[in-house]
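The values are calculated or read from the model by the stated rules, or taken from the named source; none is laboratory data. Note that this is a predicted model, so its numbers are computed, not measured. FYI the Cβ positions are ideal-geometry reconstructions off the backbone, even for glycines, and counts take in every protein chain you see.
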2 protein chains.
Amino acid sequence: MTDTKTTSKTDVLIIGAGPAGLMLALWLARLGVDARIVDKRTGKVYSGQADGFQVRSLEILDSFGIAEKIWKESNHMIAEVCFWNPDETGRIRRNNRVVNGRAGLSRFHEVVLHQGRAETFFLDAIRDSYGPANDDVRVGSDSGVESGLPRRRRIAVERKVMPTSLVIDEQQADDAEAYPVTVTLRHLSESEATPTQMLSNVQDGLFRSNLGLPDDDSLLKGGSTVDDEREEVVACKYVVGCDGAHSWTRKTLGPEFDMVGEMTDYIWGVLDIVPITDFPDIRNRTMIHSASNGSLMVIPRENRLVRLYIQLTEVSVGGGRVDRSQIQPDMIIKAAKKIMSPYQIDYHYCDWWTAYQVGQRVGNHFSKLNRVFLAGDAVHTHSPKAGQGMNVSMQDTYNLGWKLGLVCKGILQPAVLSTYELERKAIAKQLIAFDHRFSRLFSGRPAKDILDETGVSMDEFAAAFRQSHMFTTAVGIKYQSSVLVTTATDIPPEDVTGDESKIHADVLQSTAHSTSALSAACTLGTRFPSHQVLRHADARPWQLHHKMPSDGRLRLVVFGGELSASSQQMEKVNKLGAWLSDTLLPQLPTMAIMPGTTNLHGGGRPGYGLAPEQPPSIVDVLLVYAAAPDPGNPGLSGSAGDAIDFFDFHKAYRPFDPKLGHDYDKVFVDRPSHHDGDGHAYENYGIDRTRGAIVGVRPDGYVGLVTSLDAESGWPEVARWLLGILQPRTGREQAK
Amino acid sequence: MTDTKTTSKTDVLIIGAGPAGLMLALWLARLGVDARIVDKRTGKVYSGQADGFQVRSLEILDSFGIAEKIWKESNHMIAEVCFWNPDETGRIRRNNRVVNGRAGLSRFHEVVLHQGRAETFFLDAIRDSYGPANDDVRVGSDSGVESGLPRRRRIAVERKVMPTSLVIDEQQADDAEAYPVTVTLRHLSESEATPTQMLSNVQDGLFRSNLGLPDDDSLLKGGSTVDDEREEVVACKYVVGCDGAHSWTRKTLGPEFDMVGEMTDYIWGVLDIVPITDFPDIRNRTMIHSASNGSLMVIPRENRLVRLYIQLTEVSVGGGRVDRSQIQPDMIIKAAKKIMSPYQIDYHYCDWWTAYQVGQRVGNHFSKLNRVFLAGDAVHTHSPKAGQGMNVSMQDTYNLGWKLGLVCKGILQPAVLSTYELERKAIAKQLIAFDHRFSRLFSGRPAKDILDETGVSMDEFAAAFRQSHMFTTAVGIKYQSSVLVTTATDIPPEDVTGDESKIHADVLQSTAHSTSALSAACTLGTRFPSHQVLRHADARPWQLHHKMPSDGRLRLVVFGGELSASSQQMEKVNKLGAWLSDTLLPQLPTMAIMPGTTNLHGGGRPGYGLAPEQPPSIVDVLLVYAAAPDPGNPGLSGSAGDAIDFFDFHKAYRPFDPKLGHDYDKVFVDRPSHHDGDGHAYENYGIDRTRGAIVGVRPDGYVGLVTSLDAESGWPEVARWLLGILQPRTGREQAK
């Protein structure tokens, strides 16, 4: 077949177009990076699979402008979780009910929607990264800022494409300009690429289940005589395997890339149905432990669907292998009827079904030479009931994407790439530990009383559920110290997890330091929270997150403190602005903004903007000041214009472009709005209104630096943090 | 050309695809009515034109699922309006600042976005009325409920089509089954249909301005020798002229269809630019009266655009005719610079410009024989600065659409059609009166002091602006009594406007009556307001409006009062349910729900649903009860399941379908939510928690009936109101 081989180059090759691969592709599209994403399937997922979107995932998707679509179409699990347990006679009864979610944690809460819709939104967002479709842009007008990439280099999923070999030239691994990874891709015929499941309607629910066979095997059974089959050799700077639990990429990297963990004997079935039932909690998230027929979880879904996770106590696990032929929807609903008895449950419509064996495994390496990376199910698998899998997978590549992209663009130092494994392996281990505990509590038989030692205490189960919240929402996760996340000098250094991590942390220890006490709520290594502030120029309320889209830029959020037109504090804030715009930022790279990152949250058409004359700095400066109390003007409490004129702020905070005029979108004030309440931003960020603070935020929204506005103590930390991460501005850029 | 004529039939022919025509087309598409919409242009508006969306318009657009797109892309004029006036030296200064909008009026406030985007959203919504596009619906699954119309009968704008004759067969006007209106349509060639403006970029800003020529004249100058030109004769039940200020339809109806009103000598220019300026209020809605150079209004817009309305004091109006050649963007910005001096204003990007002469005119008839109707600019024109034109136009056809549609479907009695003119002409007259006053205050020279009698008092101007709010938002408008809006027996009959209206009101006087004191906030003839309630089945908070989409159904909102499982009040509510489902509703028609009206506000994919076995009643019953105080369980205040089991409610409130099970989306409770505050619905609707009330709501969301839950006093009014409007259920339906 060598005669049909073609060769090409790409900066990043992504293998697998599930949620992890699509998240990575979206990041790279939004950065204007030359990348490709291939998948051996003919199409995306149309029903079933993952369905839970956790809080932090929604925040991340929102930073790309996708969350609101999911938010709208999904079912919101906003209220209570109901626990049904056997009473003394063995009949199930609701005996506990706890609030789902925690108020104030985020502006989002947990929602459920089938994975295929999210994949559709990812595909739309990747396409829109380069500007809006042409159908509605007037001929002759400026139809958007430059996308920087010709149409043929834009990222789009290439389906029916499967890798067959991967070789790393280790000699070249340290050369940032090299393409050391060579991958052979095979372009499949339609029949080869179509999984059995897709050939008919909901025939084999075990497809993609861990009870199914690795699908590569069946895939390669097909002949190779069809016309459209060909091979291609691609030279890559980086390759990322997002190819699932049976990851071809992981296996190809060799036997030292292994999954560590164990399987249990618990088998569960899953049904997505429109239920016909008299069970009163069918539209609430409900956990049922029956006396002796196993457990069941109700997840109310979109479009009148309900997902049932049903323990299959009658399926035998012999010698680690399950008899797959036993498992069919009829048998699964029969198990559900037993657990839910005396309530009735049946269905007319079934949308999807599957079954799986509970187990937890984590990969021992997430990267080879920082040239080939693994993400998602390729490095962690577990049971699906906590709705974590798709979330942790997307968050893996959300962590990796901007690092890879900015390194490819020559903006970020390549050493930063090693923070991917440092940060995400720790999370994967926490996930596995959580799932291990939770699965066993859920699959176990309920204890009859406190003397029943082999049974599971229902109080312990409910408590475990409640306590897991900061982790399962992913809002509480915390990345350890590295070049990206400075250490605080005002508190003792934190514990890091495991020896391996410690070594990384030492090597990467940044010379910049933080004064963490300056912001009680912006914790180093955690995500920067969002609160409402008003835009100075028009007093419109905004979530601060909405001014921090995933466009690849680092951000300095200057909490300027309480300001008035001619105060000393104003002078301090403006001196900082002068230093930033005249001294620091000119040393750092600039980067053109991709159209797809504009107007994501309103105030214009998403992806639509007018071309500026100059690309902006890679460091975005936002000023958030606190309004001085104005008792004489309470009726106009949302107003800012009377106290400070827009032109009182240093130009660092209102960048001027000769074509577009001043940018009115960088200065915000913490004060009550007219119609939308009070964000209490300073209070919520835990920042002193007199002293203020500077918070440095990574492109993925995590806090890397907290320091003061002072020239002596704060400015040098800002400079050290940024210069420790970024490449210097090139001569060509400086000449501009 | 007779040899190329084709003939066809349609229930409704809409002439003109601007906002009024598109609103009507959308209504008819959402009702599954056989209708056509034609427009002589090649395309929709791409920039400029109308841009203001008022509160009530957004509520209406939201009932079709469009508002959120406008809400997102638009600029929000949420904060203050700034008034700049000359000081004693003649220099302009900000001397007043008032809050724009009124908190609590609606969940929306005024926004601005150019008309073309709204037209795009209308076109998308018309297409989606028949179900989602096929690209993402799995083969073999139920891909949505039945649309009821084959693809060839679905409504889509037919462009390059112009009417050339219209004849009404008056003999047939009273026969509901007849097609008494015959219209000849001419299918134009591309060059004929392309207005001069579209041939190049922003060449003639006076296109579609009232300073321009009627565009039919220029349109018909073109030759008729091209290939694709042909004529078609269409027999119509109804025709609606939405064809603008120069309405061909109005002129064709004869000289008695006239516009009454007057023009002024005031000429204004309009610029849509990205401003480069040091004027500090450029992102606020700002009104500037200069000492002697005229007035200017700043409307901050989407995508960094700003619209400037600029009085052109140097353009002469000689003999009623303006010298059009004088008016160009350069000249308009020069006028703006003078008014805004000493501030600088300039631009690099100009998106659109125009100019117009201020005047106010209203049509003396809105309908001929209730077979041909006029709407929008065809019956009212005025100055654009208050942002009313597009809004009142859309609201005209929002009023007309469901009436026409349900009459065509044999559900509504044809006599209801006369309420269109009754209701909308009164609004047009109020609009003209408002604009007359406001325009003169704005165009007038500011008074130097209180002795300056020819000048305009700036205090009076600001006061007029503030007072206009209930009208300009359209939230305060009130339709008079008719068969649709019952009169109250507990308060004196209200005044009606004008003799003519009085006659209509007398003729149409419904025999049903209301007890208006039962709801302080649901005023007869005004729009039913929206407040947050929780869904009983899952405690998810919803705006009540989101459970009342524009799907053509009338609604009975049963405010059941404070309920517990076995209370007397519960018994009363369930008795009402039994009477509705067993006695009243079987007498009234059913109507299949179009896919486009499902999941508009979340909980599933818009336009996607599974087919039920039976079409529902044309009357939708919603139960909103008040939660009894539960001091023992404050932590779960959003919960409802403990107090009342879902199956305690009569089946009228949880319709059962053999394929889809129970409908969990009809019972709501007024109580605090866990994460989204407290809607205080009973308090806000002004309904007593013990007594409750039934509120009858028209398909367009206006209150038609307020009565009690009592069998003696309330039920007969419900029956009279509905039987007075609707046709009886047909034998065929009853047999089902």
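Here are the numbers for this structure:
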item: Given (1) buried (at least 20 other Cβ atoms within 10 Å of the Cβ); (2) in the same structural domain as A:Ile37 (by the TED database); (3) at pLDDT below 95, number of the condition A:Gly144 does not satisfy; result: (2)
item: Top-ranked residue in the stretch A:101-130 [being facing another protein chain (nearest Cβ under 8 Å) and over 30 Å from A:Ala592 (Cα atoms); ranked as surrounded by the fewest Cβ atoms within 10 Å (Cβ to Cβ)]; result: A:Ala103
item: Identity of the residue in the stretch A:532-549, outside any strand (DSSP E or B) and touching a Ser or Thr at 6+ places or on another chain (Cβ under 9 Å), that ends up nearest to the other protein chains (Cβ to nearest Cβ); result: A:Ala539
item: Helices (runs of 4 or more DSSP H) fully within the stretch B:386-493 counting 1 or more residues that are surrounded by fewer than 23 Cβ atoms within 10 Å (Cβ to Cβ) and out of contact with any Asp or Glu (no Cβ under 9 Å at 6 or more places or on another chain); result: B:419-443, B:458-467, B:469-472
item: Residues that are more than 7 Å from chain A (Cβ to nearest Cβ) and either within 18 Å of B:Gly52 (Cα to Cα) or buried (at least 16 other Cβ atoms within 10 Å of the Cβ) (or both), drawn from the stretch B:76-97; result: B:Met77, B:Val81, B:Cys82, B:Phe83, B:Trp84, B:Asn85, B:Pro86, B:Ile92, B:Arg94, B:Asn96
item: Identity of the residue in the stretch A:299-314, in contact with a helix residue (DSSP H, G or I) (Cβ under 9 Å, 6 or more places away or on another chain) and buried (at least 24 other Cβ atoms within 10 Å of the Cβ), that ends up farthest from the other protein chains (Cβ to nearest Cβ); result: A:Gln311
item: Top-ranked residue of the stretch B:117-141 - restricted to ones that are under 22 Å from B:Gly604 (Cβ atoms) and of a type in the set (S, T, N, Q), ranked as modelled with the lowest pLDDT; result: B:Ser141
item: Test result for A:Asp330, acidic (Asp, Glu) and surrounded by fewer than 20 Cβ atoms within 10 Å (Cβ to Cβ); result: yes
item: Residues being within 14 Å of chain B (Cβ to nearest Cβ) and among the polar types (S, T, N, Q) - total across the stretch A:269-295; result: 3
item: Neighbours by Cβ (under 7 Å, 6+ apart or cross-chain): first from the stretch B:116-135, farther than 22 Å from B:Ser47 by Cβ; second of a type in the set (Phe, Trp, Tyr) and modelled with pLDDT under 95; result: B:Pro132/B:Tyr608
item: Condition met for A:Pro541 (under 15 Å from A:Glu59 (Cα atoms) and either surrounded by fewer than 21 Cβ atoms within 10 Å (Cβ to Cβ) or not aromatic (Phe, Trp, Tyr) (or both)); result: no
item: Verdict on B:Tyr349 being at pLDDT 90 or above, over 20 Å from B:Ser439 (Cα atoms) and surrounded by fewer than 19 Cβ atoms within 10 Å (Cβ to Cβ); result: no
item: Of residues in the stretch B:235-292 being assigned to a loop (DSSP other than H, G, I, E, B) and among the hydrophobic types (A, V, I, L, M, F, W, C), the one nearest to B:Ser316 (Cα to Cα); result: B:Ala291
item: Subset of the stretch B:64-103 (residues that are in a loop (DSSP other than H, G, I, E, B) and either among the charged types (D, E, K, R) or at pLDDT 90 or above (or both)); result: B:Phe64, B:Gly65, B:Ile66, B:Ser74, B:Asp87, B:Glu88, B:Thr89, B:Gly90, B:Arg91, B:Arg102
item: Of all residues making up the stretch A:57-75, the number that are within 8 Å of chain B (Cβ to nearest Cβ) and surrounded by 22 or more Cβ atoms within 10 Å (Cβ to Cβ); result: 3
item: Qualifying residue in the stretch B:678-690 (condition: in the same structural domain as B:Arg527 (by the TED database), of a type in the set (Asp, Glu) and at pLDDT below 95); result: yes
item: Residue check for A:Ala428: among the small types (Gly, Ala, Ser) and farther than 23 Å from A:Leu308 by Cα; result: yes
item: Answer residue from the stretch B:655-711, given it is within 14 Å of another protein chain (Cβ to nearest Cβ) and outside any loop (DSSP other than H, G, I, E, B) and is surrounded by the most Cβ atoms within 10 Å (Cβ to Cβ) among those; result: B:Phe668
item: Residue in the stretch B:534-550 that is more than 25 Å from B:Ile644 (Cα to Cα) and outside the structural domain of B:Glu59 (by the TED database) present; result: yes
item: Condition broken by A:Arg107, with the remaining ones in (1) touching an Asp or Glu at 6+ places or on another chain (Cβ under 9 Å); (2) over 21 Å from A:His531 (Cα atoms); (3) assigned to a loop (DSSP other than H, G, I, E, B) satisfied; result: (2)
item: Residue check, A:Leu556 touching a helix residue (DSSP H, G or I) at 6+ places or on another chain (Cβ under 6 Å), more than 14 Å from chain B (Cβ to nearest Cβ), under 18 Å from A:Asp700 (Cβ atoms) and modelled with pLDDT of 95 or more; result: no
